[in-house]
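The values are calculated or read from the model by the stated rules, or taken from the named source; none is laboratory data. In this text the structure is predicted, and so the values were computed from the model without any measurement. Virtual Cβ from ideal backbone geometry, glycine too; neighbours counted across all protein chains shown.
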Amino acid sequence: MKPSSAQLDATFSALADPTRRAILARLAKGERSVNELARPFAMSLPAISRHLKVLERAGLISRGRDAQYRPCTLNPKPLREVSGWVEQYARFWNQGFDRLETYLAELQAPNRKDR
């Protein structure tokens, strides 16, 4: 299924911030608590919580609740959708590079008559 424009917008917006990308990288290694996610950053827990809310609204993470433990987990589906969207443009660029490579090979061919 093709991702909606709103979903792509939310995902790209969430990924635009380096702190949120770092949080996702940590979650790619497994479930983490909010405190564990906040530890490497020089910012307050409320600031980290705001980043987590952006990631959660974009569907990139889910947050659970187990008494005082608030585990966060990565949801890779929006990232796969972005990857698929980008892939269609990668094919376009690769085709252009292939044409350029063919053209350059023709220019460098030793049998060219116009030399």
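Numbers at a glance
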| item | result |
| --- | --- |
| Whichever residue in the range 57-115 is over 30 Å from Ile23 (Cβ atoms) and not in a helix (DSSP H, G or I) and, among such residues, is modelled with the highest pLDDT | Ala109 |
| Restricting the range 59-115 to residues that are out of contact with any Ser or Thr (no Cβ under 7 Å at 6 or more places or on another chain) and aromatic (Phe, Trp, Tyr), the residue that is surrounded by the most Cβ atoms within 10 Å (Cβ to Cβ) | Trp85 |
